[in-house]
Amino acid sequence: MEAVSCQAPLGEVVSPRYGALDDHELMEATRRGDEAAFYELVQRYRTPITNYLTRMLNDYDMAIDLAQETFIRVFTSAHRYRADHRFSTYIYRIATNLAISELRRRKRWRLVSLVSFFAPPEGAEEGAELDVPDHRPLPEGALIEDERRQMVRRAVASLPEKYRAALILRDIEGLEYERIAEVLRLPLGTVKSRINRARRLLREKLRAHL
Amino acid sequence: MRCEQVKQQYDPTCDPPQSIAEHLARCAPCRQYATELQRLTALLRSEPEIPVPADFNRQLQRRLEAVRTGSSAWWRFGDLRYALPLAAMLVMAVAAVIIMNRPEPSSSSRPGPSLVRAPAQPERESLEVPKKMEVVAARPAMPSPPPRESGHSSPSLREGRASLALGEEAVPQEPWLLGGSENSPILLLIREPSGREERLVRLPSVVVGAEAKPATLSLSMSEKGTENVF
């Protein structure tokens, strides 16, 4: 495959010929140093990965940071990539690992941080103050909808991380159970059990809106 | 099939198997549960897509350039999210070192022994008595019987918790030592063999662990003994 010379901003406009390639072919081209192929992958996955990370962390800025870190790892590890799984499984796995590392770092930091004096009281929902800012004026209906949306995000973000990842991948991102099991490296039964448990917890939290 | 089994196996994103469907048809609470899960799933799936910033690729390109030039680690290190905790840890480490190396207050400012240094001292404290000096009397600072002239030749003086080992040249002529109350220090009168110089050593009630340089006073022996010294 011919390498395409793309000057900044790379990836904003990718050659149409890359659109016909599947993810494995694009990774193969990336491995050969084709940056345009890499940015085609970025174009395909930046939104779902950012969405997934935002819902995992309930922190939009951090989600953007980790989404970019995810793509950097895809790029720098391209020579190790093996096409024995779907590329989407591979990239979700990287993003999941980064998100879980970040959640654990927050837990550790919360133990010693002076900022914790200003943290919400114990029992408050995690990351409740970290919703994506949107300063546009909202009509009443949209205001109610926005409030409901934030409540759902907070409820999801308050789930234990082991339930959270599985539920988001299934019920928001729409992945199949088998792929979730591959992403999380868990047995299929464990994945189903965790998703069921997460739904029951969420049902309790959001019962007033159901 | 029991209700709990249904709740464990029901999946609102899939068609229910026959056994669950039959249970739901005849069990209102489980039917209500299934309906709520279906609404919950619909609520989650209706979540709007979160847009990425317009300069996402530009930022990514900059970071990739940093990785290529080997400055990625420094880029992250320079990020305030990492720099601030590191700076705080550094400040705490420096403060801990300063506190641990802080010099102790001088013992000359305190009349009694240093309780901090006490464990490091041997149980039998050797009292440094200058050569050519002799211990002639020891008594508590509280009013006590006057010193007696006739003495013993024992080199050790013991009273209460006090234990002194005196050098050979400090054999007391009047080796008596009276422990006073807990608050009264012990006075030790040391006299040069020629009798021209005497020293009064003030010992605290507990001398075990006392520092090697007790407060000393030189004085000329007076008729009133040591009572006018302090």
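The values are calculated or read from the model by the stated rules, or taken from the named source; none is laboratory data. This one's a predicted model, so the numbers in the text were calculated from it and none came from an experiment. Note: ideal-geometry Cβ built from the backbone for every residue, glycine included; neighbour counts use all protein chains shown.
So which residues in segment B:5-34 are outside any loop (DSSP other than H, G, I, E, B), within 11 Å of another protein chain (Cβ to nearest Cβ), under 19 Å from A:Ser193 (Cα atoms) and without any contact (Cβ under 8 Å) to a residue 12 or more places away in the chain?
B:Gln8, B:Gln9
In segment A:60-89, which residues are in a helix (DSSP H, G or I), more than 7 Å from chain B (Cβ to nearest Cβ) and aliphatic (A, V, I, L, M)?
Answer for segment A:60-89, where residues must be in a helix (DSSP H, G or I), more than 7 Å from chain B (Cβ to nearest Cβ) and aliphatic (A, V, I, L, M): A:Met62, A:Ala63, A:Leu66, A:Ala67, A:Val74, A:Ala78.
Return only the number of the condition from (1) modelled with pLDDT under 80; (2) surrounded by fewer than 17 Cβ atoms within 10 Å (Cβ to Cβ); (3) within 14 Å of chain B (Cβ to nearest Cβ) that A:Asp131 does not satisfy.
(2)
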